[in-house]
Amino acid sequence: MKTDEIQIRVRYGETDQMGVVYHGNYALYLEMGRIEWLRKLGVSYKSMEENGIMLPVVSLQVNYKKPIGYDDLINVKTQLKKRPSAKIEFDYEITNKSGAVLTTASTVLVFVDKATKRPIKAPQYILDAIGI
């Protein structure tokens, strides 16, 4: 399935008193990877919302393998897990500049009609952009 990668430099404010990335910030890194994955397909969250579609996270799983520290340069690999339906699923791998796996994760998001707040099928323009 389609994969994309982005690089992020860890900022001081993203770390805790032990000098490692605070666990809550991993969700932000995954979101950054997912947003760029979509953007490179020509789809933005902003345009989806303007078209009445929301994409909330309904499941998040993170496996912390090695700590990430201040000023580390990390690579976030985002991969579509399977063909979207009413939900879209992603797998992630965060590595350091040496390629060591620091974190693995997965998310499940649901396409929701903004007006009704009810799940809907993945819009055709998104399926077309993904090419499946």
Given (1) surrounded by 16 or more Cβ atoms within 10 Å (Cβ to Cβ); (2) in contact (Cβ under 8 Å) with a residue 60 or more places away in the chain, identify the lone condition not met by W37. (2)
Does Y92 satisfy being in a helix (DSSP H, G or I) and not acidic (D, E)? no
Out of all the residues in region 5-30, which are crowded, with 17+ Cβ neighbours inside 10 Å and among the acidic types (D, E)? E14
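Being aromatic (F, W, Y) and either modelled with pLDDT under 95 or assigned to a helix (DSSP H, G or I) (or both) is the filter here; which residues of region 95-132 pass it? Can you show your working first?
Narrowing region 95-132 to residues aromatic (F, W, Y): 111, 125.
Y125, the sole residue that qualifies.
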Residue list for region 95-132, filter: polar (S, T, N, Q), under 19 Å from K81 (Cα atoms) and within 19 Å of the chain's Cα centre (by Cα): T95, T103, T104, S106, T107
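Can you name the strands (runs of 3 or more DSSP E) wholly within region 1-85 that have at least 3 residues being among the basic types (K, R), closer than 20 Å to S106 by Cβ and at pLDDT below 95?
Working: elements: 3-9, 57-64, 73-80.
It comes to none.
Residue check: is V101 β-branched (V, I, T), more than 20 Å from I132 (Cβ to Cβ) and in contact with a Gly (Cβ under 8 Å, 6 or more places away or on another chain)?
Numbers: β-branched (V, I, T): yes; more than 20 Å from I132 (Cβ to Cβ): yes; in contact with a Gly (Cβ under 8 Å, 6 or more places away or on another chain): no.
Spelling it out, it is not the case that V101 is β-branched (V, I, T), more than 20 Å from I132 (Cβ to Cβ) and in contact with a Gly (Cβ under 8 Å, 6 or more places away or on another chain).
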Residue in region 42-64 that is surrounded by 14 or more Cβ atoms within 10 Å (Cβ to Cβ), among the small types (G, A, S) and touching a residue at least 12 places away in the same chain (Cβ under 8 Å) present: no
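The values are calculated or read from the model by the stated rules, or taken from the named source; none is laboratory data. Everything quoted here is computed from the prediction, not taken from an experiment. Reconstructed Cβ throughout: ideal geometry from the backbone, glycine too, with neighbour counts over all protein chains shown.
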